[in-house]
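I have placed the structure first, in the form of structure tokens, so that the comments after it can refer back to it.
Readers should treat all values here as calculations from the given coordinates under stated rules, not as data from a laboratory. Keep in mind that what you see is a predicted model, and the values were worked out from it rather than measured. Cβ placement follows ideal geometry from the backbone for every residue including glycine, while neighbour counts extend to all protein chains displayed.
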Amino acid sequence: MRSKVRLNVILVLMLVMSGLAGLVMFSPVSTGATAYDVSISVPVASKTISPGGRAQYTYTITNEGTNADRYTVNITYDQSYRNRGWTATITLVSTSLISSGNSVAGTLIVTAPSNASVTDQFTVMIRVTSQTDPVNSTASTYTVTGITPRYGVSIQTPAPKTASKGTTVTYRFNVTNTGNSNDIITLTVVSYPTGWVQPQLSYSASQLPPNGKMPVNLTVFVPYTATAQPYSTTIQAVSSGNSSVRAVAVITTNVAQNYNVAISSEGTKYVSIEPGSFVVFNVTVTNIGNGYDRFSLSTYVPSQYVNQGWNADLSSDNTGTDLPPGGTYNTTLIITPPPSSNRPRAGDKMEVWINATSMYDTSTPRATASTKVTALVRQFFSISLMGIVVTQSVDPGSTATFRFQVKNTGNGEDNVRFSVPELHGWSAPSINPNSVTLGSGEVANVSLTIRAPSGALATEPYVFTLWVNSTKSSASDYQLFTVNVNQTYRVKVEPQSGYSAVIPDGYPGRFVSFRLRAVNLGNGVDDFDLSVGSSDPSLISTWNPTLDSPSIERLRPSEGYNFTVTMFVPFNATTGSYSFYVNCSSRSDSTKYFRLPLIVQIPQLYNVEITSNADNLAAGYSTVTNPVKVKFNITVYNRGSGDDDITIGISSVPSEFSGLYSLYFAENSARSISIS
């Protein structure tokens with residue numbers, strides 16, 4: 001359209017230059033299409049929306065003519081869409097005056113009905129018409145609005161059904177396509193009761209139109225182990241158009257209850273006729289139905305047993321609570337034998353029937369079960385052991401003798417044996433007699449001798465148990481006896497590991513230390529006193545030995561205690577061995593002690609010191625006939641640790657005196673002396 005405008009201008013100029021301008025000037029303004037041309041455009045002319053949604057289009061009107069103009073805008077679309085609920089509106093139906101080459105924008109709003117189909121293609125034509133030249137100047141464009149596919153699925157959950165265990169049940173229901181387009185829907189069993197066979201789905205998977213329904217059958221197999229309760233099977237329907245679109249239904253199967261019970265006990269047991277004896281039968285009631293149930297309990301005892309003096313008592317007359325399927329309830333039946341005055345014979349018996357009956361079963365007869373128990377009289381075994389002398393005190397390594405008395409308190413002959421099972425490391429005792437046969441009520445005396453080990457401790461009493469056991473039954477008795485071990489007192493002192501009781505390198509003017517250890521060799525806890533001495537008492541005052549701990553408290557048997565003896569070697573100590581001792585004595589018995597000799601050896605040490613005075617020459621030069629003498633008093637000290645031979649000589653003289661002097665040692669011409 002811009003090229004047409006440019007062409008018109010050129011034409012006018014040409015007319016002017018050719019002398020025809022007067023015709024144009026006095027002619028009316030041209031009303032042709034080129035003067036009032038118009039265009040309309042939509043940048044995005046196609047969109048999709050959801051059912052019930054809205055699409056918005058922007059359209060632009062441009063004055064393509066050479067003259068300013070106003071325009072009218074209208075829209076048209078298929079009446080069938082209008083009838084189905086589609087609508088279209090525009091915001092700009094007429095424009096103000098638009099100069100040549102300028103534009104104005106408007107908006108088209110399209111609304112889809114909620115039941116719009118994905119096959120819908122709603123086309124709207126937008127037409128713009130020049131108000132000055134409506135015949136020749138018009139333009140149009142189109143928009144197309146489609147429907148976005150929406151997928152949906154729903155399951156019609158069937159009502160719960162009731163089934164007996166060991167049967168099958170089938171559910172029939174529909175799956176509906178709730179989307180707006182055709183879809184294929186698949187179904188799966190997501191979950192089902194543990195231990196059950198997987199339920200089976202039956203359906204025809206095909207294209208379903210919107211709102212189409214697909215019949216489905218679900219078959220559930222109820223196992224014989226199912227209990228009376230609701231069970232759930234979960235199924236899922238999934239859209240093939242959009243796998244994230246799915247529906248879930250939980251289908252319930254109620255298992256019907258049946259009533260059944262089992263009862264068991266311990267069959268046959270023996271009972272003694274000792275006064276106060278009885279026998280207990282454990283009874284177990286089991287709910288073997290498939291639902292909760294409660295059971296009553298009862299006994300039946302034939303009259304002949306009652307007449308003989310037998311008695312039977314159940315500890316409860318019902319299970320007390322509802323038992324779940326497979327649940328158990330334990331109770332007891334106590335049978336008491338006839339009194340001994342009735343003289344029941346060995347092997348006499350009592351038979352009791354125990355019954356369990358459902359309390360919730362309304363059928364006739366009710367679910368019930370029975371079991372029989374039998375009590376038999378047997379020989380009664382009983383032993384009594386009494387201590388006569390049960391406490392003794394002995395020294396380690398010595399023996400102690402104890403006396404007991406055993407009695408057969410049963411109702412028949414019995415043979416019994418004696419034993420001491422726990423000996424605490426001691427040797428087995430001597431028991432006399434080791435076994436004995438006793439009639440009912442008979443008594444026997446028993447003696448037991450045991451030796452305390454030489455290392456037995458006195459820290460606490462040794463308690464033993466003498467057992468007497470029947471060789472014909474489990475009858476037994478026991479008696480405690482006690483050995484108190486007298487305490488012994490012993491101790492030793494020794495150097496600590498890596499140290500010695502002899503110090504070979506004592507040095508005058510220095511300290512020496514003995515690292516020692518005291519060990520309790522007694523058999524009980526003891527306290528000890530420590531001291532240091534010497535056969536030469538003067539050493540104690542000059543060497544001043546000290547202990548870092550003068551006593552030891554509460555030392556257990558075999559326990560050690562470390563301590564240190566420290567002494568100072570005098571400056572004037574000479575070469576030789578110096579003897580001391582450390583004494584460790586029991587505070588409980590001072591006659592029990594240990595004395596460890598300690599020796600400090602001072603080796604020969606060599607050291608010498610020399611001093612002299614200074615003297616000045618008082619005369620002039622010396623001559624041979626008149627020599628000048630200078631006398632020096634020299635003192636030599638033996639600073640070693642023993643006698644030493646010391647040689648004295650001149651080590652150096654001034655060079656000026658070389659060859660001009662003579663010297664001698666007035667008091668020792670040999671120049672050698674011995675000094676202590």
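Amide H to amide H under 5 Å from residue 231: which residues, 5+ apart in sequence or cross-chain, H placed 1.01 Å off N in plane?
Residues meeting the amide H criterion: 253, 254, 255.
Which value at 222 nm does the chain reach when only helices count, each DSSP H run of 4 or more adding -39,500 (n - 2.57), with the total divided by all residues and rounded to the nearest 500 deg cm²/dmol?
On the way: 5 runs with 39 residues, N = 676.
So the helix-based figure for the chain works out to -1500 deg cm²/dmol.
Mind jotting down a quarter of the surface of the convex hull over the alpha carbons of the stretch 261-377, in square nanometres, one decimal?
On the way: hull surface 29.0 nm².
Result: 7.2 nm².
How large is the translational diffusion coefficient of the stretch 355-414 in µm² per second when you combine the Kirkwood radius over alpha carbon pairs with Stokes-Einstein at 37 °C and 0.692 mPa s? Can you show the working numbers first?
On the way: Rh = 18.0 Å.
D, rounded to a whole number, is 182 µm²/s.
Work out, in µm²/s and without decimals, the Stokes-Einstein translational diffusion coefficient of the stretch 424-551 at 20 °C, 1.002 mPa s, Rh from Kirkwood over C-alpha pairs. Mind showing how you got there, number by number?
Numbers: Rh = 20.7 Å.
In µm²/s, the coefficient is 104.
Measure out, as a whole number of angstrom, how far apart the alpha-carbon centroids of the stretch 75-117 and the stretch 429-452 sit.
So the two Cα centres are separated by 124 Å.
How big, in percent, is the set of alpha carbon pairs in the stretch 470-610 lying more than 27 Å apart?
Details: 3810 of 9870 pairs.
The proportion of pairs with Cα distances above 27 Å equals 39 percent.
Based on other C-beta atoms within 10 Å, arrange 310, 353, 543 from fewest to most. Can you show the working numbers first?
Numbers: 310 24, 353 14, 543 21.
Ranked by crowding around the Cβ, least crowded first: 353, 543, 310.
With N denoting the number of residues in the stretch 318-404, provide Rg(C-alpha) divided by 2.2 N^0.38 Å, to two decimal places. It would help to have the intermediate numbers written out before the result.
Values: Rg = 26.5 Å, N = 87, 2.2 N^0.38 = 12.0 Å.
Output field value: 2.21.
What are the extents of the Cα atoms of the stretch 383-485 along their three principal axes, in Å, largest first?
Principal-axis extents of the stretch 383-485 (Cα, largest first): 45, 21, 19 Å.
Binning every alpha carbon pair distance of the stretch 153-255 at 5 Å from zero, what are the percents per bin?
The calculated distribution, bin by bin, is 2, 13, 25, 22, 15, 11, 7, 4, 1, 0.
Rounded to the nearest 0.05, what FRET efficiency do residue 653 and residue 604 have when you use their Cβ-Cβ distance and R0 = 41 Å?
Values: r = 33 Å, r/R0 = 0.81.
For residue 653 and residue 604, the calculated efficiency is 0.80.
If one computes P(r) from the Cα atoms of the chain, what percent of pairs lie at distances over 36 Å?
Summing the P(r) of the chain above 36 Å gives 79 percent of all pairs.
Can you tally the lysine pairs in the chain where the Cα-Cα distance is under 22 Å and the two residues are eight or more apart, or on different chains?
7
Give a residue-ordered list of calculated ³J(HN,Hα) values for the stretch 260-270 (Karplus: 6.51 cos²θ - 1.76 cosθ + 1.60, θ = phi - 60°; whole Hz; x for Gly, Pro).
Each residue's phi maps through the Karplus curve to give 7, 8, 10, 9, 9, 8, 10, x, 10, 9, 9 Hz.
Describe numerically, in nm with one decimal, the distance between label points set 7 Å from Cα along Cα→Cβ at residue 374 and at residue 553.
7.5 nm
Which ³J(HN,Hα) values, rounded to whole Hz and listed in residue order, are derived for the stretch 563-573 from phi using the Karplus coefficients 6.51, -1.76 and 1.60 in 6.51 cos²θ - 1.76 cosθ + 1.60 with θ = phi - 60°, glycine and proline given as x?
8, 10, 10, 10, 9, 10, 7, x, 5, 8, 5
What do you get for the angle between helix 2-17 and the principal long axis of the chain? Use alpha-carbon atoms, 0 to 90 degrees, nearest ten.
Taking the Cα atoms of the chain, the angle to 2-17 is about 50 degrees.
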